[in-house]
1. Keeping all protein chains in place and using 1.4 angstrom, which order do His140, His126 fall into by accessible surface area, from largest down?
2. Report, to the nearest whole %, how much of the accessible area of the chain belongs to carbon and sulfur atoms, 1.4 Å probe, protein only.
3. Could you state the number of Å between the C-alpha centres of the stretch 18-75 and the stretch 94-143?
4. 5 Å is the cut-off here: which amide hydrogens, built 1.01 Å from N in the peptide plane, fall below it relative to Tyr73, excluding neighbours closer than 5 in sequence?
5. State to the nearest 20 debye the size of the charge dipole of the stretch 65-174 about its Cα centre, where the only charges are +1 on K and R beta carbons and -1 on D and E beta carbons.
6. Can you order the peptides 155-166, 83-94 by their average number of other Cβ atoms within 10 Å per residue, highest first?
7. Run the numbers on the stretch 52-117 and let me know its relative contact order in percent, using alpha-carbon pairs under 8 Å that are six or more apart.
8. When Rg is the radius of gyration of the Cα atoms in the stretch 67-121 and Rh is its Kirkwood radius, what does Rg/Rh come to?
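The values are calculated or read from the model by the stated rules, or taken from the named source; none is laboratory data. On a predicted model such as this, the values are computed, not experimentally measured, just so you know. Reconstructed Cβ throughout: ideal geometry from the backbone, glycine too, with neighbour counts over all protein chains shown. Just so you know, the surface numbers come from the protein's heavy atoms only, side chains and all, with ligands and any DNA or RNA stripped out. Shrake-Rupley method; radii C 1.70, N 1.55, O 1.52, S 1.80 Å.
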Amino acid sequence: MAANETYADWQARMAKVILPKWIELPNFDLYMDQVLLLINETLQPLGADPVTAAMINNYVKHKVILSPVKKKYQIMQLADIIVISLLKPSYPLDKIRQGIDQVTATGYPKRAYDNFITVLTNQLHHPDDPLTISDQDLSHSLTTAAAQLIVNKLRTDELLRLNQVQTKPQQIEK
């Protein structure tokens, strides 16, 4: 990121972000190093902190994601790791798992994940568009609110960075 970058540049970058839908995730089992490569490449355009093997092992240990089968991770675990990685800066792991469980209780995990990715991508591409939260579909409203939380965190982080670059320290008068 260049020092002369603007908020409009950040918006243009976010408008190009494409996150994988369920069908675009590998439909075969992956070893840890493959999982790390896939997840980190997926999240890199958002400036998310890299996911590590220790983090994933911690998710398994605390039952936030299912254990790998013969050290291999499946599509469900990949989707969970993506969602967890995006929400982890704002919520503890148990709350994230609780939210995932609530949203998938009313629909298939594939549909819930795709809905989350669609809502998040739309908000990344149009961060200033108004949102609709409704009592009629609380699972979708939860997904919408979670996606907005992620976008607001990314936006706030970028504004802090831009402000720090632009703000010059001034001598305080005594």
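1. His126, His140
2. On the chain, the fraction of accessible area on carbon and sulfur atoms equals 56 percent.
3. Each part's Cα centre sits 20 Å from the other's.
4. For Tyr73, the qualifying residues are Leu30, Tyr31.
5. Dipole about the Cα centre, nearest 20: 620 debye.
6. The packing order, highest mean first, is 83-94, 155-166.
7. Answer for the stretch 52-117 is 24 percent.
8. Taking Rg over the Kirkwood Rh, I get 0.97.
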